[in-house]
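Report on the structure given below.
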Amino acid sequence: MWGFRDLRPWYDRVAEGDPIGEVWLTGDDCEIATGPHAGKRLAALFESDSAALLGAEAPTPDSPLLIKVIFAKEKLSVQVHPDDKLARKYGEPRGKTECWYALAAEPGAQVAAGLKPGTTLAGIKEEIQAGTLEQSLNVLPVKTGDMVFVDAGTVHAIWPGSILLETQQNCDLTYRMFDYGRQRELHIDKSLEATKLTTRAGKVAPRELADRTVLIDVEYFRVERIGMNGVRTGESLHGVDEESGLAYLFAAAGAGRLTGAGFEPVDLPTRGIVAVPASSPAFVVEDAKAHDGKLELIRITPNWPSKAA
Ligand SMILES: [Zn+2]
């Protein structure tokens, strides 16, 4: 209800009925578009071929990350996600820590992540009733290229003005605290149970390496912006101290093509995503024809909590 009817030029999609707020790139129900598994649901591929996808290090066989593009025309609800421990109490495999990378932002764009110092749970409860919860939120300005970390337990809200690439733990638990009077269900008790008054949420300073910019590297995921300079080998995309594992490649701008021996070339369309499994044969990635020099690659890999950076 808070999205857009027309996603152009981001995606060639115009909604007939309800607006579209989120484009899911790696949801359990996302359909694999190319290759020998074309037509399968992503979750089904994790069920049948988890080790080939994730490598030997993965602690659980299912899909670890949900990656989306978020189009907010109006404010999203003020919400909070549980951490792993609380999610398991409610029968889910994991909680939800997330991050937002601003693919674009209008001047004055803002998001809210975290609570102002001195906020109490009792105060939040009163403000939910009074409809004034926004005044306790820590508001952040957002520019194109910014990365915002939102760890589980952080009270947060996405507001209009930016288009965000969201990477999150693959979990569907959202507790809505305040929804601007819209008629959706609120989860006030559970949201208060999940809320942490102090968290690590906020903007993350980029770390420049010789051949890439590390946008974030935390306990569940690492997100990097990769400079292309022509052709890159799959091997060169791999971090120096990185175990072999699953990597997602997202084209933030331009379009790409992956080629290698033993598989049909794979197109990486603009704002599309390619899953590179742990068992991938050697490949190269380059600009697709007609998109010369424009490919801007975002590489997303899962981290496992035991190997926290
Ligand atoms: Zn969220």
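The values are calculated or read from the model by the stated rules, or taken from the named source; none is laboratory data. As the structure is a prediction and not an experimental result, all values here were calculated from the model. No Cβ is skipped: glycine too gets one built from the backbone with ideal geometry, and neighbour counts run over all protein chains shown.
Results for (1) within 16 Å of the ligand (Cβ to nearest atom); (2) part of a loop (DSSP other than H, G, I, E, B), shown as yes or no for each residue.
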site	(1), (2)
T167	yes, no
E242	no, yes
R257	no, no
V274	no, no
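Taken over segment 244-255, the criterion of being under 24 Å from G55 (Cα atoms) and either among the β-branched types (V, I, T) or part of a loop (DSSP other than H, G, I, E, B) (or both) is satisfied by S244, G245, L246.
Selection over segment 222-232 of residues that are in a strand (DSSP E or B) and under 16 Å from L258 (Cα atoms) gives a count of 2. Considering E235, E219, the condition of being assigned to a loop (DSSP other than H, G, I, E, B), in contact (Cβ under 8 Å) with a residue 12 or more places away in the chain and assigned by TED's automatic domain parsing to the domain that holds D292 is satisfied by E219 alone. Put simply, of V266, V240 the only residue that is more than 28 Å from T120 (Cα to Cα) and surrounded by fewer than 17 Cβ atoms within 10 Å (Cβ to Cβ) is V240.
Would you check which residues across segment 239-272 are small (G, A, S) and over 18 Å from G227 (Cβ atoms) and list them?
So the first thing to find is which residues in segment 239-272 are small (G, A, S), and the list is 239, 244-245, 247, 251-256, 260-262, 272.
Listed by number, the residues that qualify are S244, G245, G260, A261, G262, G272.
Scan (1) of a type in the set (D, E); (2) within 16 Å of the ligand (Cβ to nearest atom); (3) farther than 28 Å from L7 by Cβ for the single condition E47 breaks and write down its number. E47 satisfies all of (1) of a type in the set (D, E); (2) within 16 Å of the ligand (Cβ to nearest atom); (3) farther than 28 Å from L7 by Cβ except (2). Here A44 does not qualify as in contact with a Ser or Thr (Cβ under 6 Å, 6 or more places away or on another chain) and part of a helix (DSSP H, G or I).
Of the listed requirements (1) within 16 Å of the ligand (Cβ to nearest atom); (2) part of a loop (DSSP other than H, G, I, E, B); (3) surrounded by 19 or more Cβ atoms within 10 Å (Cβ to Cβ); (4) more than 21 Å from the chain's Cα centre (by Cα), M177 misses just one: (2). Only strands (runs of 3 or more DSSP E) whose full extent lies in segment 62-162 are considered here, and the ones with at least 3 residues that are crowded, with 18+ Cβ neighbours inside 10 Å and aliphatic (A, V, I, L, M) are 65-71, 98-105, 110-115, 147-150.
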